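One structure below.
The values are calculated or read from the model by the stated rules, or taken from the named source; none is laboratory data. These numbers were taken from a predicted model, which means no experiment stands behind them. Cβ atoms come from the backbone with ideal geometry, glycine included; neighbour counts cover every protein chain shown. All accessible areas refer to the heavy atoms of the entire protein, side chains included, with ligands and DNA or RNA removed. Shrake-Rupley method; radii C 1.70, N 1.55, O 1.52, S 1.80 Å.
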Amino acid sequence: MKIALMDSGIGLLAATAAVRRLRPDADLVLSLDPDGMPWGPRTPEDLTERALAVAEAAAAHRPDALIVGCNTATVHALSALRARLEPDLPVIGTVPAIKPAAAGGGPLAIWATPATTGSPYQKDLIRSFADGVSVTEVPCWGLAEAVERADENAIDEAVAAAAELTPEHVTTVVLGCTHYELVAERIRAAVQRPAAPPLALHGSAGAVAAQALRRIGAEPSPDAPASGSLTVLLSGREGALPASALTYAEGRLLKQVTPTA
């Protein structure tokens, strides 16, 4: 079994680690775009062009499924990716976990990039899945970029700024950018109020990994031998995980369980 994941940077690590935990025997192909990152500020047309190139680099390794490990790329490029690659290669997008978060009744906050916050895409998800629930959209200025660089001070500052925008009564936070899942516990610590019930955090990585397995008719097998290989593509060139990836538990997991060539 071979699963590919794509993103401009290390935001795909959360979903990658989720796949690794479900299937330690799966070969993984990570297709990043250091030459074109970040994707967020690009026009939808430019982003789609970059995403297609990164996806085709991954597809050349003949994976069984491709996960788009980026919310922004899913918004703008998923249709084009599916038109280009399916049905031969199933493509799984990443959607903020608003539906399961709203099922808890709220009130909830959605932490997302400034470009996504208030966007028609996110507003539509709120209307569809969180109607009647108190929802606060929180723009997280600079957080994804700080996580990408593993800049500890910048992460702390961005998390603190977003926490200031999060109402005190919030019981649930949706992590609406895949980068944020890498610092989930720091977000929890910043938002958790004294004497309040434990804060619920909802990311997308686990659901995306499970959906990828379903699309290819595979079952989770977390006790399988940790025999899966890891291939990293950097704007189409074979390389290594960025050093910043090893700052996070998800990146270290990949290094630990992946056999050395």
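Of note:
- Extending 7 Å from Cα along the Cβ direction at S79 and again at A103 yields two label points whose distance is 2.8 nm.
- Inter-label distance, E164 to D124: 3.4 nm, where each label sits 7 Å from its Cα along the C-beta direction.
- Derived scalar couplings ³J(HN,Hα) [the stretch 119-128; Karplus, 6.51 cos²θ - 1.76 cosθ + 1.60; whole Hz; x for Gly, Pro]: 6, x, 4, 5, 4, 5, 4, 5, 4, 6
- Taking every protein chain into account, the accessible area of the chain amounts to 44 square angstrom per residue (probe 1.4 Å).
- Computed from Cα atoms, the angle from the helix 152-164 axis to the main principal axis of the chain rounds to 40 degrees.
- Residues whose amide H lies under 5 Å from that of T172, counting only those 5 or more places away or on a different chain, are A109, A200; hydrogens are built 1.01 Å from N in the peptide plane.
- For A150, nonlocal amide neighbours, meaning residues 5 or more places apart or on other chains whose placed amide H falls under 5 Å from its own, do not occur.
- Computed on the stretch 72-195, with alpha-carbon pairs under 8 angstrom and 6+ residues apart, the relative contact order is 29 percent.
- Beta bridge orientation in the chain: antiparallel %, DSSP, nearest 5: 10
- Heavy-atom accessible surface of the stretch 190-238: percent carbon and sulfur, 1.4 Å: 55
- Solvent-accessible area of S227 with every protein chain in place, 1.4 Å probe, in Å² to the nearest 10: 70
- Ordered from largest to smallest accessible area (heavy atoms of protein chains, 1.4 Å probe), the residues E152, E157 come out as E157, E152.
- Nearby lysines by direct alpha-carbon distance to K123 (threshold 19 angstrom, same-chain neighbours under 8 apart not counted): K99
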